[in-house]
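See structure below.
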2 protein chains.
Amino acid sequence: MIIDCHGHYTTAPGGLHEFRDAQLAALRDPKLGAPSGDPHISDDEIRESLEKAQLKLQRERGSDLTIFSPRASGMGHHLGNEATSLQWARACNDLIYRVCQIYPDNFVGVCQLPQSPGVAPARSAAELERCVRELGFVGCNLNPDPSGGYWTSPPLSDRQWYPLYQKMVELDVPAMVHVSASCNPNFHGTGAHYLNADTTAFMQFLTSDLFKDFPTLRFIIPHGGGAVPYHWGRYRGLAQDLKRPPLEELLKNVYFDTCVYHLPGVELLFEVVPAENILFGSEMFGAVRGIDVRTGQYYDDTKRYVDALELSEADRHKVYSANARRVYPRLDALLKKNGR
Amino acid sequence: MIIDCHGHYTTAPGGLHEFRDAQLAALRDPKLGAPSGDPHISDDEIRESLEKAQLKLQRERGSDLTIFSPRASGMGHHLGNEATSLQWARACNDLIYRVCQIYPDNFVGVCQLPQSPGVAPARSAAELERCVRELGFVGCNLNPDPSGGYWTSPPLSDRQWYPLYQKMVELDVPAMVHVSASCNPNFHGTGAHYLNADTTAFMQFLTSDLFKDFPTLRFIIPHGGGAVPYHWGRYRGLAQDLKRPPLEELLKNVYFDTCVYHLPGVELLFEVVPAENILFGSEMFGAVRGIDVRTGQYYDDTKRYVDALELSEADRHKVYSANARRVYPRLDALLKKNGR
């Protein structure tokens, strides 16, 4: 069984965008009023949006199950206020729930949090709990920069985040550290902001005692860990200079996905990071949609790169399945219940 | 001959710090008055600060010449105002000049610019010209984020930067893209802010027509290019999706150093980036000062990693010497004048 830990509903039907557009229009002109009820989306529209995209690629590339969350760049936590983010997160998460109901063998849900700049992360705990307890989700995407590229929130090691971490620990769910769109003209979203956030989060973990306070808290750093594996020696040296524990200590709580779109990068990832800490992920449909004109293959078909490595059967099993089931225990329980 | 393109005067004598402290104290309490004149530093103090550090490591590691600039984290463009930055840049650059006068065989100068948040980059052109024409410097460090981690300036592709680029082109000097200290608690300096800035700058170049407007403008992206080589496939794919020219076009103007502190990272760099675009650099004395307890070697002895690669003699020559002489033509002229 092959689990893809990183998939987004980037192909959601137009009704979702109409809902968001109405929400944002009402922010600009309160006379318009925020949309009420749910986005207008039929089950057939959901099927159509997935059959030709994520499900087609699952079949073609040979993965079985995607840990599926709302479009990351669409979270837009910097827009509006807490009420905006809560309404939008609920709408996006409810839509993911419907996807998982229609295709229970193919998708398991991970939620978007109703974060908003200046609002305590504790305020996101209720939506996380709803998604896990009522919708059967197995984790969340946590945005380390709800400001969208101005980095005005406290670092992930700050105690402001602790109530949310307490809820994560209580529910036994991990978070993928994932920013949303950048509204800072300096940062291209998928080409800079995403990778910078990954790098930044790792260094925040390295310099803090967060995991002493929460020994079972788990984070997945996506996009192959940003710059981290490439600069593994820098991080080992910084940990040593700063009299921090060796990186291996961090690896009890921090995991990386395989969203690195070329073989040399994936080779490096597996050379420096233990297989125990790598979860297969493709980010599809995602950051890079094209076919490489030189190879005729999709850039984001990361399974091809992983398959090209000379992994032991044990490591292969970890990366494609066992690690995900360990990091997301609720996924494991769900799969076991279904005899998978 | 082995040229190290990336060295900072991180061991400058205490007189420089006293000067800066007085400057910053006067900002807090104008009654104190800004320091006048130059920092109090003797030639012997300069010799002592270098003999036991950079010069010792040059000898031990076997490099001949370092392209030398003021301490990057000390630039602190976010502190004070334009006058503060100008006075501080002049003091730091004049000190580098003295270093290069005392050790003309070992150091060639690169200057700090008097950038300040909200101040037009054009205002840095005069100090660049002074350093190049009067002090014999061969390039500059250009800070893409003078705000120190809040990224409030326009991207490097913005026309606000053009007058400074015009001066660089006129003087035929390149810039190393190099941020200073971070005052944003989210970003550790050497563990996040530096690498993020490298990644960010590359994507700004990729998405702009800057090098159409300045075909001879040259940038060195330090720290091995941040996250860029590790994510080379992502950047190739993004360039294709965004209908931008292939990355090879960018490589006419953009170079990377070798400040990657482990062999797998340096191997990856050379696997994806042509040898024509890699300049040997160590960042010493720099970001990571320790000795790896596992190998007994300094993390930042990047020459060991480059030497461990199976490079052709031609590529080795490019990386250690020829590329630096090509990217810094004033360095080449200086060396030729001295029969080197």
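Here the translational diffusion coefficient of chain A follows from Stokes-Einstein with Rh set to the Kirkwood radius across Cα pairs; for 20 °C and 1.002 mPa s it amounts to 106 µm²/s.
Extending 7 Å from Cα along the Cβ direction at B:Leu242 and again at A:Lys252 yields two label points whose distance is 4.1 nm. Computed about its Cα centre, the charge dipole of chain A is approximately 340 debye, with only Lys, Arg, Asp and Glu carrying charge at their Cβ.
A point 7 Å from Cα along Cα→Cβ stands in for A:Asp105, and the other copies hold the same point at 7.6 nm, listed in rising order.
Using unit Cβ charges (K, R positive; D, E negative) and no other charged atoms, how large, in debye to the nearest 20, is the dipole of segment A:120-265 about its Cα centre?
180
In the structure shown, the pairs A:Lys252/A:Lys318; B:Lys52/B:Lys337; B:Lys167/B:Lys336; A:Lys52/A:Lys303; B:Lys212/B:Lys243 are assessed against 26 Å; a Cα-Cα span above that value is assigned to B:Lys52/B:Lys337. Evaluated at q = 0.12 Å⁻¹, the base-10 log of the normalised Debye intensity for segment A:56-198, with identical point scatterers placed on the Cα atoms, takes the values -0.47. In deg cm²/dmol and to the nearest 500, what is the mean residue ellipticity at 222 nm of chain B if only DSSP H runs of at least 4 residues count, each as -39500 (n - 2.57), divided by the residue total? Using -39500 (n - 2.57) per qualifying helix, the result is -11000 deg cm²/dmol.
Working ranking of peptides B:95-105, A:307-317, A:199-209 by packing, defined as the average number of other Cβ atoms within 10 Å per residue, highest first, is A:199-209, B:95-105, A:307-317.
Shape class of segment A:1-76 from the alpha-carbon gyration tensor: prolate, with a/c at 1.5 or above and a/b greater than b/c.
For the protein assembly as shown, a simple Cβ point-charge model (Lys and Arg +1, Asp and Glu -1, everything else neutral) yields a dipole of about 280 debye relative to the Cα centre.
The residues of chain B expose on average 36 square angstrom of accessible surface per residue, using a 1.4 Å probe on protein heavy atoms. Coupling constants for segment B:232-244 follow from the phi torsions by the Karplus curve (6.51 cos²θ - 1.76 cosθ + 1.60, θ = phi - 60°), and in residue order they are 3, x, 4, 5, 4, x, 5, 4, 5, 4, 8, 6, 9 Hz; glycine and proline get x. If you find the alpha carbon centre of segment A:225-288 and of segment B:35-55, how far apart are they in angstrom? Between the Cα centres of segment A:225-288 and segment B:35-55 lies a distance of 40 Å. For segment A:216-261, the equivalent ellipsoid built from the Cα gyration tensor has semi-axes of 20, 15, 6 Å, listed from largest to smallest.
Among residues other than B:Ala181 with Cβ under 14 Å from its Cβ, the summed charge is +1 (Lys and Arg +1, Asp and Glu -1).
Each principal axis of the Cα cloud of segment B:189-340 was taken in turn, and the coordinate range along them, longest first, works out to 47, 41, 30 Å.
Express in % the proportion of alpha carbon pairs of segment B:112-153 at distances exceeding 16 Å. Percentage above 16 Å: 37.
One decimal place: the segment B:Met1-B:Asp38 gains 9.9 nm when fully extended, by the rule 0.36 nm per residue minus the C-alpha distance. Here, segment A:64-118 has an Rg and a Dmax of 12.2, 39 Å when only alpha carbons are counted.
Once you divide the Cα radius of gyration of the protein assembly as shown by 2.2 N^0.38 Å, the number left is 0.98. Averaged over peptide A:264-274, the number of partner chain Cβ atoms lying within 10 Å of each residue's Cβ comes to 4. Maximal additional length on extending the B:Ala126-B:Ala26 stretch stands at 33.5 nm, based on 0.36 nm per residue less the C-alpha distance.
The values are calculated or read from the model by the stated rules, or taken from the named source; none is laboratory data. Only a predicted model underlies this, so the values are computations on that prediction, with no experimental measurement involved. No Cβ is skipped: glycine too gets one built from the backbone with ideal geometry, and neighbour counts run over all protein chains shown. Side chains included, ligands, DNA and RNA excluded: accessible areas come from the protein's heavy atoms. Shrake-Rupley method; radii C 1.70, N 1.55, O 1.52, S 1.80 Å.
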